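Reviewing the structure listed below.
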Amino acid sequence: MEHALKKPAPRAAEKIRAKSGHPAPKAAIRREKEALILKAAEEVFSEFGFRGATTQMIADRAGMPKANLHYYFPTKLVLYRQIIEEIFSIWLEAAQSFDENSDPVEALSRYIDKKMEISRSHPNGSKIWANEVMHGAPIIQDYLETTLRDWTDSRMAIIQRWIDDGLIDPIDPRHLLYMIWATTQHYADFVHQINTLNGGKALSDDQWNCARRDVKIIILKGIGAKGCGDL
């Protein structure tokens, strides 16, 4: 019959499912596969670096043919930069506390807490970043000279405002950022050393809470932050 309802075309059906809150099966499968590949790539890149890693190694770790991996990520470089951008995006999100809090104690406490948690939950991403930078950043130098530099300048301006308002001691803002990065990321980049010195075991929840508290106390008191006595 001419007036019978027609079955939606595949593309139209995907749009309907998307609007209804139910993602199209292909989109869901793609996200699942990409997440699987990225997890495997993080592990391989953290162990072997960019030069030592191959897409075959990553495909094997992900449990799929190499051709399937290249369907989602055409080159090793594209995959590597995706991982770098993801860990940096996570770090950027952690630094939103600078914009959300005018009090340096609150802003820096939240930032340190989040950075410590990221080191615990995403240690491989931090290791990849550290390894890349220690080798002169051959792949992401453009990222350092643009995105990272602009972001760092914006955080330094906020820290300088706290100094001008007498809320923390007159220190160079960049060195405060370097100190926070070095301390919090140590718990990711040197996790094997930490675990070894902890009797061969990963830090417990209580030990992590103690580490977060102590790092905040050391840094905030070190810069003379007003009102950090209750930490």
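FYI, it's all coordinate maths here, none of it is from the lab. What you see is a predicted model; the values in this text were computed from it and never measured. Glycine gets a Cβ as well: all are built from the backbone with ideal geometry, and neighbour counts include every protein chain shown.
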For this session: Would you mind getting me the FRET efficiency between Gln141 and Lys201? Use the beta-carbon distance for r and R0 = 30 Å, nearest 0.05.
Result: 0.20
Seminar exercise, completed: Helix 10-19 sits off the longest principal axis of the Cα atoms of the chain, rounded to the nearest 10 on a 0 to 90 degree scale, by 40 degrees
For this session: For an R0 of 25 angstrom, estimate the FRET efficiency from the Cβ-Cβ distance between Ile29 and Asn131 and round to the nearest 0.05.
Result: 0.20
For this session: Rounded to the nearest 10 degrees, what's the angle between the helix 25-52 long axis and the longest principal axis of the chain, both from Cα atoms, 0 to 90?
Result: 50 degrees
Problem set entry | Added length on full extension, which subtracts the Cα-Cα distance from 0.36 nm per residue, Trp181 to Gln160 | 5.8 nm
Problem set entry | Ranked packing of 114-125, 25-36, most packed first, by mean Cβ within 10 Å | 114-125, 25-36
For this session: Report ³J(HN,Hα) in whole Hz for each residue of region 84-101, in order, from the Karplus equation J = 6.51 cos²θ - 1.76 cosθ + 1.60 where θ = phi - 60°; Gly and Pro get x.
Result: 4, 5, 5, 5, 5, 4, 5, 5, 4, 4, 4, 7, 5, 4, 5, 7, 8, 9
Problem set entry | C-alpha center-to-center spacing [region 103-133, region 179-229] in angstrom | 11 Å
Seminar exercise, completed: Expressed to two decimals, the chain has a Cα Rg over Rh, using the Kirkwood radius, of 1.09
Seminar exercise, completed: Comparing Ala211, Ala67, Ala107 in a Gaussian network model of the chain (Cα, 10 Å), the one with the largest mean-square fluctuation is Ala67
Problem set entry | Glu47-Leu148 pseudo-label distance in nm [points 7 Å out on the Cα-to-Cβ vector] | 2.6 nm
Problem set entry | Over the chain: helical MRE at 222 nm, DSSP H runs n ≥ 4 each giving -39500 (n - 2.57), nearest 500 | -23000 deg cm²/dmol
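Run the numbers for Arg213 and Asn101: contour at 0.36 nm per residue of separation, minus the present Cα-Cα distance, in nm.
On the way: separation 112, 0.36 × 112 = 40.32 nm, distance 1.91 nm.
That works out to 38.4 nm of additional length.
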Exercise. Using alpha carbons only, how many degrees (0 to 90, rounded to 10) separate the axis of helix 123-134 from the longest principal axis of the chain?
Worked result: 70 degrees
